[in-house]
Every structure is written in C-alpha cells, then in structure tokens.
Amino acid sequence: MGSVVEAANKEASGSSLSQKKPKVVFVLGGPGSGKGTQCANIVEHFGYTHLSAGDLLRAEIKSGSENGTMIQNMIKEGKIVPSEVTIKLLEKAILENENDKFLIDGFPRNEENRAAFESVTGITPEFVLFFDCPQEEMEKRLLGRNQGREDDNIETIRKRFKVFLESSLPVIEYYNSKEKVRKIDAAKPVGEVFEAVKALFTPVVDTVKQVIIIPLNFN
C-alpha cells in the first residue's frame, strides 16, 4: 500500500510542476568554485530564485528531523544524499515559490540524481552552468572562508573534491552531449566571472542589418 501511495504522491507532484512549467538552470562546480556568489548576482540582475541543494539539506538538518540526522551523517562522510530526499526538498521549494525561474545550485550531483529528477519532475534544464576551477584554487578558497560550516575542514573538503570528480563530471558530460553545458572559467576574479555569466543570461536580440544605398552623383 505504501508504495502505491508513494507513487501517487510522485505523480501528483510531477503534474503540479508540469502545470507550473518552471524554467530551470542547473548550476554545477566543485566546492569553492564560487557558485553561490555568482548565483546571488544572477538573482539580483535577472530575477531568478536561487535554490541551493546544500542549503535545503542543511536546513533539514537544523530541523532535527530523522531525515536531518541521516543527511548530517552522510555529509560528514562526504557521501551523496539519496536522490529522493533532495528532489522532495527541491520540489517543495519550487512549488511554494511564486517565481517561475530557478537556479538549482549543486544538483544533480550524479547521474542517478539527474535521471531521477527528470523522471519525477518532468523538468529538463534550459542549460547547465558549469563553473570550472582548479582544485588547488577551490581548496584555498574553502580554507580561507569562515562560515562556521561543519564540512569546511581539509579532510572533508578533499572527500568532497573526490566525490565531485567521480560523480558530478559524468552529469556534465551527459549534458554536454546534449549541447546544454555553458562552461565558465571560475578561477578568474569574481567580476570577470560574472561578466561571462551575464553574457549567457542576457537575451540575444536579433538585429536586422539595413543596407542603405547611396546614389552616386557624378554630375
């Protein structure tokens, strides 16, 4: 009976999202690649709502729920949280928000995430914004920031790098084969990175070139 109810809930949720028809951009990049900073800029300039999979998971941890405890243990071990948990949180956030344009930051983390999200929600991203940054630079940034995050220590950081390389790069390769990846050099200064990002979100206006014929008067 439980599986029937669960399937019905998934179908209802998927149909609700299909009716809303949100525009979704996946934002991917290693830990410390500057995704959060650039997402804030996109929100300010282009009116998107930023949904961070990591923030949603951390909020669930703070809630003290059974789910939260499971998520906390997995993050400590540098493991990826089960797809259904993250998708449920993302769906809820999208449906509760009046906006129809969303940046989904840090998700999908692996191929199973990607396939499950598209299957359950019926949503495929407009494109994937990939912040490409050398591991040494990301490590330096993470160790230099002080946000009080439990997963910002050198051992966990390196586990996160390993998980990203093994799990998230296949997702990027998949979307690249669909010509949906927009790669950004995230090692550059923040301002330069955003200039590259802006070019992707600014609508391209087709201009009609007018040919002006000037009559030549030889008299």
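Just one of the numbered conditions (1) assigned to a helix (DSSP H, G or I); (2) surrounded by fewer than 18 Cβ atoms within 10 Å (Cβ to Cβ) is not true of Gly78: (1). Considering segment 47-60, and only residues there that are open to solvent by 40 Å² or more (accessible area, probe 1.4 Å) and part of a helix (DSSP H, G or I), the residue that is nearest to Val120 (Cα to Cα) turns out to be Leu56.
Here is the figure for segment 15-45: residues that are aliphatic (A, V, I, L, M) and in a helix (DSSP H, G or I) total 4. Evaluate the following for Glu44: is it open to solvent by 50 Å² or more (accessible area, probe 1.4 Å) and under 30 Å from Pro189 (Cβ atoms)? Yes.
When each of Glu126, Glu137 is tested for being closer than 23 Å to Ile42 by Cβ, open to solvent by 80 Å² or more (accessible area, probe 1.4 Å) and at pLDDT 85 or above, the lone residue that passes is Glu126.
Taking segment 92-193 as the region of interest, the strands (runs of 3 or more DSSP E) fully inside it that hold 1 or more residues being within 13 Å of the chain's Cα centre (by Cα) and charged (D, E, K, R) are 101-105, 181-185. Scanning segment 166-193 for residues that are closer than 14 Å to Gly30 by Cβ, surrounded by 12 or more Cβ atoms within 10 Å (Cβ to Cβ) and without any contact (Cβ under 8 Å) to a residue 40 or more places away in the chain gives a single hit, Leu169.
In segment 61-75, the qualifying residues are those that are at pLDDT 90 or above and either open to solvent by 20 Å² or more (accessible area, probe 1.4 Å) or within 17 Å of the chain's Cα centre (by Cα) (or both), and the one that is farthest from Glu155 (Cα to Cα) is Ser63.
In segment 27-37, what residues are polar (S, T, N, Q) and buried (at least 24 other Cβ atoms within 10 Å of the Cβ)? Residue satisfying the conditions is Ser33 alone.
The values are calculated or read from the model by the stated rules, or taken from the named source; none is laboratory data. Note that the structure is a prediction, hence the values are computed from the model and not measured. Cβ: placed from backbone, ideal geometry, glycine included. Neighbour counts: every protein chain shown. To get the accessible areas, we keep the full protein, side chains included, count just its heavy atoms, and leave off ligands, DNA and RNA. Shrake-Rupley method; radii C 1.70, N 1.55, O 1.52, S 1.80 Å.
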